[in-house]
Number of protein chains: 2
Amino acid sequence: MRKVAESTVRRLSLYLRYLEEFALHGTETVSSETLAHLGGTTSAQVRKDLSCFGSFGKRGLGYAVPELAQHLREILGLTRRYRVAMVGAGKIGSALVSYRGFRERGFDIAAIFDSDPDKVGRQWNGLEVRDIADMEVVLGEEAYEMAVIVTPADVAQAVSERLIKLGVKAILNFAPVQLAVPDDVVVKHVNLALELETLSYALANR
Amino acid sequence: MRKVAESTVRRLSLYLRYLEEFALHGTETVSSETLAHLGGTTSAQVRKDLSCFGSFGKRGLGYAVPELAQHLREILGLTRRYRVAMVGAGKIGSALVSYRGFRERGFDIAAIFDSDPDKVGRQWNGLEVRDIADMEVVLGEEAYEMAVIVTPADVAQAVSERLIKLGVKAILNFAPVQLAVPDDVVVKHVNLALELETLSYALANR
């Protein structure tokens, strides 16, 4: 994998969002200053971020909007769709399934699992919640590279191991536990309480 | 504010979680190696992170668990509780209100607002969803330093400005837009689609 900091990848995602808005409005070129202003950074940072991946802009003209957007989609792996398996049909899971942002970017939650008999069999956004005991049968039929884990902490590691055996290579983990995974699997941990703690830290250390 | 990278603050939060688990089980000391192993980092990194804030460990003995936990709570601003206002009573808002992780860390969502007449007046986790038109009246009665914005993108900036006028100094923003705020206000942006994009990037660049 090209060695690029996660903060760079996040900014590329942001630039892409703005470029797509410009494209919708028919804007043909955009300057690094404009992207910097929208993304809350500097034009030098924008140029540096983009230069990691090749030469895109034209001096004095700025960046060609549709071309740069397409380049960023390729860099970010967004020129295809991903089938995503979700494990855990609780409240956060429910919010994620109906979250338009995922589908808009090419992430299709195509299977949902839970172990609670009260939840298994329910229809969620047109998908049936399946019994986690049947995960190997359900996921074995199709390729799933990505999964979202929204389970309690104590089962997340075992769930991740089953997913990885089924071919999952990328996991978004909402369970409050660090997952131990093989080197060829990427995990992104989302901990919402921890996000608030970065704010309490900032308030306490002003 | 002490100049400490957000990645350091996030690791401190993680160390605190593990220390609290050790404390629950009556463990009195812990080594930097153990914290490093649990937190997925190196013992040198653990020592470096903690040394930003003073001298905690004893050579050969490790860290005293309850004392280090208390220090970290002080550093992270977690020795007090925070009243949090939430704007937006959609699915993600619903998940956040019942999310135990917030209350456990001292973050109490104490007011919820929406503009949708179908939502205003409903009871959520013992709280009534209030009309956003009444935000100044409701929040004016008590001090709210923190807010969570879970609104559509097009109203988030205006909502943040009203919150800041009412004394809010820290905002967790789920709306897909960069908020422009005064220098003394901190904003943490959570974009769940973007989290998946860091995964698709990793898959595309293996």
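Only Cα pairs under 8 Å and at least 6 apart count here; give the relative contact order of chain B as a rounded whole percent.
That works out to 13 percent.
Counting only C-alpha contacts under 8 Å and six or more residues apart, can you give the relative contact order of segment A:138-206 as a whole percent?
Relative contact order of segment A:138-206: 28 percent.
Per residue of segment B:77-89, in order, report the coupling 6.51 cos²θ - 1.76 cosθ + 1.60 (Karplus, θ = phi - 60°) as ³J(HN,Hα) in whole Hz, putting x for Gly and Pro.
Per residue, the Karplus-derived 3J(HN,Hα) values read x, 10, 8, 9, 9, 10, 8, 10, 9, 10, 10, x, 10 Hz.
Please give the direction-averaged projected area of the C-alpha convex hull for segment B:82-194, in square nanometres with one decimal.
6.8
Given C-alpha coordinates of the protein assembly as shown, what is the ratio Rg to Rh with the Kirkwood estimate of Rh?
Result for the protein assembly as shown is an Rg/Rh of 0.96.
Neighbour counts of other C-beta atoms within 10 Å: give me B:Met135, A:Met146 arranged from fewest to most.
B:Met135, A:Met146
Bin width 5 Å, origin at 0, all Cα-Cα pairs of segment B:1-103: what percent of pairs per bin?
2, 11, 21, 21, 15, 12, 8, 6, 3, 1, 0
Going down the list A:Lys91/B:Lys165; A:Lys188/B:Lys188; A:Lys91/B:Lys119; A:Lys119/A:Lys165, which pairs span over 27 Å between their C-alpha atoms?
Pairs exceeding 27 Å: A:Lys91/B:Lys165.
Please report which chain B residue places its beta carbon nearest the axis carrying chain B onto chain A, with the distance rounded to a whole angstrom.
B:Ala95, 2
Inter-copy label distances at A:Gly167, 7 Å along the Cα→beta-carbon direction, one decimal in nm, shortest first?
5.7
Give, to the nearest whole percent, the P(r) tail of chain A beyond 22 angstrom, counting all Cα pairs.
58
Once the Cβ-Cβ distance between A:Glu28 and B:Asp118 is put in as r, and R0 is 51 Å, what FRET efficiency do you end up with, to the nearest 0.05?
0.75
Please give the charge dipole size of segment A:61-206, origin at the Cα centre, charges +1 on K and R Cβ atoms and -1 on D and E Cβ atoms. Round to the nearest 20 debye.
Taking the Cα centre of segment A:61-206 as origin, the dipole is about 480 debye.
Taking every residue in A:60-66, how many Cβ atoms of other protein chains lie within 10 Å of its Cβ, on average?
If you average over the peptide's residues, the count of other-chain Cβ atoms is 0.
Only helical DSSP H runs with n ≥ 4 go in: add -39500 (n - 2.57) per run for chain A, normalise by residue count and round the 222 nm mean residue ellipticity to 500 deg cm²/dmol.
Rounded to the nearest 500, it is -13000 deg cm²/dmol.
Along the three principal axes, how long is segment A:154-198 when you take its alpha carbons, biggest first, rounded to the nearest angstrom?
Reported extents, whole Å, longest axis first: 34, 21, 12.
Please compute the contact order of segment A:71-179 in relative form: average sequence separation of alpha-carbon pairs under 8 Å and at least six residues apart, divided by the residue count, as a percent.
Relative contact order comes out at 27 percent.
Would you kindly work out, in nm and rounded to one decimal, the distances from the label point of B:Asp183 to those of the same position in each other copy, ordered shortest first, with label points 7 Å along Cα-to-Cβ?
4.7
Using modelled backbone amide H atoms (1.01 Å from N, in-plane), which distant-in-sequence or interchain residues come within less than 5 Å of A:Val148's amide H?
A:Ala85, A:Met86, A:Val87, A:Leu172
Once the Cα atoms of helix B:192-204 and of chain B are each reduced to a long axis, what angle between those two axes, in degrees from 0 to 90 to the nearest 10, is obtained?
Once rounded, the angle reads 50 degrees.
Rg and Dmax in Å for segment A:121-178, alpha carbons only: what are they?
11.6, 32
Every number here is computed from the coordinates shown, using simple stated rules; none is lab data. Since the model is a prediction, treat every value here as computed from it, not as a measurement. Here the Cβ is made from the backbone with ideal geometry for all residues, glycine too, and neighbour counts use every protein chain on show.
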